[in-house]
Amino acid sequence: MGDRRTARERALQALYQLDMSGGSPADALAAAWESVAQETPPPEPDAVQFARELVDGVVSNLRAIDGLIEQHSHNWRIDRMDRIDRSVLRLAIFELKYRLDIPRKVTLNEAVELGKTFGTEASSAFINGLLDRVALALGKK
């Protein structure tokens, strides 16, 4: 698994933890890395930095990100969405809106994979559909 995918997984775990119980982004991210420390080799510094940028970026821009989710989700209020799906969406929308160095296709593919790995059977289709609408609205091709 690539460093960026690993970083996205740890960022997703941290965002989920923050959504569930609050706390500090740094503590949530440290707990995410620690949760897999026994099973995986130590993370590369680039992966740790990328995960930190993702979590901090989502937290710093949460209001705008949630606004985009609300605006483009059909018949779903954000507080009624599955927490994993909501966390994946937040992570991906941060990438789409604020990380211009990451291609749209990469962001959408990674988000769909996170949905398949951590979400329900319906997560990947839901995530893909909503992110596609957001990407089009942002003009990200």
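Here, each number is a calculation from the coordinates, and none is a lab measurement. All values derive from a computational prediction rather than experimental measurement. Virtual Cβ from ideal backbone geometry, glycine too; neighbours counted across all protein chains shown.
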Query - Spatial separation of Cα centroids for region 100-140 and region 1-78, in angstrom - result: 15
Report task. Any chance you could give the angle, 0 to 90 degrees and rounded to 10, that helix 104-118 forms with the longest Cα principal axis of the chain? Result -> 70
Query raised in the report: Please state the relative contact order of region 1-140 as a whole percent: Cα pairs under 8 Å, 6+ residues apart?
Result: 23
Query raised in the report: Each label point is 7 Å from the Cα along the Cα-to-Cβ direction; what then is the distance between the points at Q71 and L136, in nm?
Result: 1.5
Report summary line: Helix-only [θ] at 222 nm, the chain, -39500 (n - 2.57) per DSSP H run of 4+, per residue, nearest 500, equals -24000 deg cm²/dmol
Requested in this report: Compute the acute angle (0 to 90°) between the alpha-carbon long axis of helix 3-21 and the principal axis of greatest extent of the alpha-carbon atoms of the chain; round to the nearest 10°.
Outcome: 80
Query raised in the report: Which of rounded, prolate, oblate describes region 19-85, given a ≥ b ≥ c as roots of the alpha-carbon gyration tensor eigenvalues and a/c under 1.5 marking rounded, otherwise prolate only if a/b is larger than b/c?
Result: prolate
